[in-house]
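Undergrad: Would you mind keeping the following structure in view while I ask a few things?
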Amino acid sequence: MTSTVPTAVHDQQEERALDALPPVTMFGPDFPYAYDGYLAHPAGLGQIPATEHGGEVAVVGGGLSGVVTAYELMKMGLRPVVYEADRIGGRLRTVGFDGCDGSLTAEMGAMRFPPSSTALQHYIDLVGLKTRPFPNPLAPDTPSTVVDLKGESHYARTIDDLPPVYREVADAWSACLEEGADFSDMNRAIRERDVPRIREIWSRLVEKLDNQTFYGFLCDSTAFTSFRHREIFGQVGFGTGGWDTDFPNSILEILRVVYTEADDHHRGIVGGSQQLPLRLWEREPGKIVHWPQGTSLASLHGGAPRPAVTRLHRAAGDRVVVTDASGDIRSYRAVVFTAQSWMLLSQIDCDDSLFPIDHWTAIERTHYMESSKLFVPVDRPFWLDEDETTGRDTMSMTLTDRMTRGTYLLGDGPDRPAVICLSYTWCDDSLKWLPLSANERMEVMLKSLSEIYPNVDIRKHIIGSPLTVSWENEPYFMGAFKANLPGHYRYQRRLFTHFMQDRLPADKRGVFLAGDDISWTAGWAEGAVQTALNAVWGVMHRFGGTTDPKNPGPGDLYEEIAPVELPED
Ligand SMILES: Cc1cc2nc3c(=O)[nH]c(=O)nc-3n(C[C@H](O)[C@H](O)[C@H](O)COP(=O)(O)OP(=O)(O)OC[C@H]3O[C@@H](n4cnc5c(N)ncnc54)[C@H](O)[C@@H]3O)c2cc1C
């Protein structure tokens, strides 16, 4: 595990032994199914009877999950009808700066992807996108990092350049994971795809820790008895930086991230992540059933998706009826819903009968992280200029307890314009920006940064207007991504397993939930892809289809790998 404060090498032999094993992937721990293998298999994802070819399926949401779902259903010979309220890409949103060279863009949502996201990588490769290292704090390709806490700044290229207390904190985190969460054992089991071992470790932990916060987990560890250490850890954290805004969340959420290395070795998508869903939308698959060669999602939709869904209700004959913002009403045998769950409570008029009551409770209890970002375009990567007095970079990737929290420097070659993400924040830190306009935000950010870099005139390099977002304020999102609180495991399980619809009462089938909210690892695009593939399997099954026995789908293996069930009484 590479970390901002790297995991202590408390057992170097063990570490070397792990490195000799296959790499960590986002395989489990809740539902250890090999989505990457399913996608790579030449037999494909499954087949539906020829009599069903051309059958319409509604896909609500044109984010990554919706586009993957629609693409795979189209390949099987069904006719996906995608509804999108905002723009294709959803939380993969790449935006250009007004008046600047079009190649200068900002990632308002997802911006860095771990190599362990192997199902996501399948689609990145499929559409021919390239990735490159993302300049996270202290990452090998990041020129330098400044950690600024309580008014004191430290300049570092590696962890060893920071004062010893940072190493102590790293060691405490590592020991805490080992002591409370069998970290090395789970790491080995995930690498080896040892399903029984993963399930054995994880069932014990789910039972023990579902009621525990991230902060409580730290406090209970003998390794983290020092408040000062917990405070520094909260500010600097691991992987991408400070995680104290996650302290109230369930520790299970954090363990999923660290076990699967979701927060490590990040890469950005060259040219922007939104290209992925846009290219899939336009892509004409070589292997396609029923539809003529040259068919794409774009061609099936006459170029654009249908507008926002405004109403979902049931009708006679086992049909689900979708009304959209244009007033168009169509009924379907299957609907895949990939937008954020809260949309079902407010923006879309829904029949209670769409889901069993326990699923409604899970939808209502969904908890989101807030998140804001602000980007400015600059004339060039001036931060690489050497400071004459110190010999250091003029400015660095910056982690701080000031308002900005995380500042990222995004260059694209020495003489080309570049971009600074002046601030990326979550939860309360994001809410602090909410009432401010983009320019007001930028002013406060520049002031914070001038305290850290008193001799650097950032403003003189800015060549355009700032771009900002607060995801909690976006009408079709209402939050950045789900984060389960203690006690939410059962809700999460209900939502994730909803694609196994034979278990539902007959009058509650036909709507499939997918996307980031349904995933065990919300906030990571891999989960949007994995849950899309569950929904594809569920729809295929509903249309009487099957998978090739050589390539069983997630529903075929469900009984063997079903997520742990906790008692309800
Ligand atoms: C700030 C931020 C940072 C992130 N960072 C990372 C990262 O670094 N790495 C990573 O892997 N992941 C990251 N993620 C998570 C990643 O972006 C998501 O997992 C993924 O994009 C979710 O895709 P989705 O299709 O499930 O949902 P969405 O992208 O939200 O798609 C749902 C779509 O539904 C549409 N919609 C809403 N209501 C309706 C309606 N009534 N009718 C029709 N359509 C509707 C929305 O407009 C949206 O396009 C980040 C997310 C955010 C917000």
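We did not get these values from a lab; they are worked out from the coordinates using the rules stated. Since this is a predicted model, take the numbers as computed values, not measurements. Neighbour counts run over all protein chains shown; Cβ positions are idealised from the backbone, glycine included.
Undergrad: Please compute the modelled spin-label separation between Ser353 and Arg311, points set 7 Å along Cα→Cβ, answer in nm with one decimal.
TA: 1.5 nm
Undergrad: Modelled label-to-label distance, Arg167 and Ser103, 7 Å Cα→beta-carbon offset: nm?
TA: In this crude label model, Arg167 to Ser103 measures out at 4.2 nm.
Undergrad: Across 10 Å bins from 0, what is the distribution of all Cα-Cα pair distances for segment 161-202, in whole percents?
TA: All Cα pairs, binned at 10 Å, distribute as 28, 36, 23, 12, 1 percent.
Undergrad: Here's another thing I want to ask about it. For the chain, what are the DSSP H helices with axial Cα length of 24 Å or more and mean Kyte-Doolittle hydropathy of at least 0.0?
TA: 525-542
Undergrad: For the pairs Lys150/Lys373; Lys432/Lys460; Lys287/Lys550, flag any whose C-alpha to C-alpha distance is greater than 21 Å.
TA: Beyond 21 Å between Cα atoms: Lys150/Lys373; Lys432/Lys460.
Undergrad: Where Rh is the Kirkwood radius over the Cα pairs of the chain, the temperature 37 °C and the viscosity 0.692 mPa s, what D in µm²/s does Stokes-Einstein return?
TA: Once the numbers are plugged in, D ends up at 134 µm²/s.
Undergrad: Over segment 371-478, what is the relative contact order in whole percent, taking alpha-carbon pairs under 8 Å and six or more residues apart?
TA: It rounds to 38 percent for segment 371-478.
Undergrad: Still on this model: Considering the options Trp433, Thr390, Val456, tell which one lies farthest towards the positive end of the dipole of segment 371-478, charges being +1 on Lys and Arg and -1 on Asp and Glu at the Cβ, about the Cα centre.
TA: The listed residue farthest towards the positive side: Trp433.
Undergrad: Further question on the same structure: Let me know the shape class of segment 371-478, please: from the alpha-carbon gyration tensor, a ≥ b ≥ c as square roots of the eigenvalues, rounded when a/c is under 1.5, otherwise prolate if a/b is greater than b/c, or oblate.
TA: Prolate, because a/c is 1.5 or more and a/b exceeds b/c.
Undergrad: Normalised by the residues of the chain, what does the relative contact order come to in percent, with Cα pairs under 8 Å and at least six apart?
TA: 23 percent
Undergrad: Once you treat every alpha carbon in segment 48-126 as an equal point and sum by Debye, what is log10 I(q)/I(0) at q = 0.18, 0.24 Å⁻¹?
TA: -0.88, -1.13
Undergrad: Once the dipole of the chain is set up with Lys and Arg at +1 and Asp and Glu at -1 on Cβ about the Cα centre, which of Met186, Thr225, Pro292 lies farthest towards its positive end?
TA: Result: Pro292.
Undergrad: How many percent of Cα pairs in segment 434-501 exceed 16 Å?
TA: Result: 68 percent of Cα pairs exceed 16 Å.
Undergrad: Now, a different point. For the pair Asp185 and His154, what calculated FRET efficiency results from E = 1/(1 + (r/R0)^6), where r is the Cβ-Cβ distance and R0 = 60 Å, to the nearest 0.05?
TA: 0.95
Undergrad: Still on this structure, please answer the following. Whole-Hz Karplus ³J(HN,Hα) for segment 94-103, in order, using 6.51 cos²θ - 1.76 cosθ + 1.60 and θ = phi - 60°, x for Gly and Pro?
TA: Along segment 94-103, the couplings run 10, 10, x, 8, 3, x, 10, 3, x, 6 Hz.
Undergrad: Along the three principal axes, how long is segment 446-569 when you take its alpha carbons, biggest first, rounded to the nearest angstrom?
TA: Taking max minus min along each principal axis of the Cα atoms, segment 446-569 gives 66, 38, 29 Å.
Undergrad: Say R0 is 22 Å: what FRET efficiency, to the nearest 0.05, do Asp387 and Val95 get from their beta-carbon distance?
TA: The formula returns an efficiency of 0.10 here.
Undergrad: If you average the C-alpha positions of segment 265-336 and of segment 554-569 separately, how far apart do those two centres end up, in angstrom?
TA: 29 Å
Undergrad: Calculate, for Glu207 and Gln13, the FRET efficiency according to 1/(1 + (r/R0)^6) with r their C-beta to C-beta distance and R0 22 Å; round to the nearest 0.05.
TA: E between Glu207 and Gln13, to the nearest 0.05, is 0.10.
Undergrad: Average projected area of the Cα convex hull of segment 320-366, in nm²?
TA: So the mean shadow area of the Cα hull is 3.5 nm².
Undergrad: What is the gain in length, in nm to one decimal, between Glu568 and Asp457 on full extension, counting 0.36 nm per residue of separation less the C-alpha to C-alpha distance?
TA: That pair, Glu568 and Asp457, stretches by 34.1 nm at full extension.
Undergrad: Another question, then. Given N residues in segment 226-334, what is its alpha carbon radius of gyration divided by 2.2 N^0.38 Å?
TA: Against the compact-globule rule of thumb, the ratio is 1.74.
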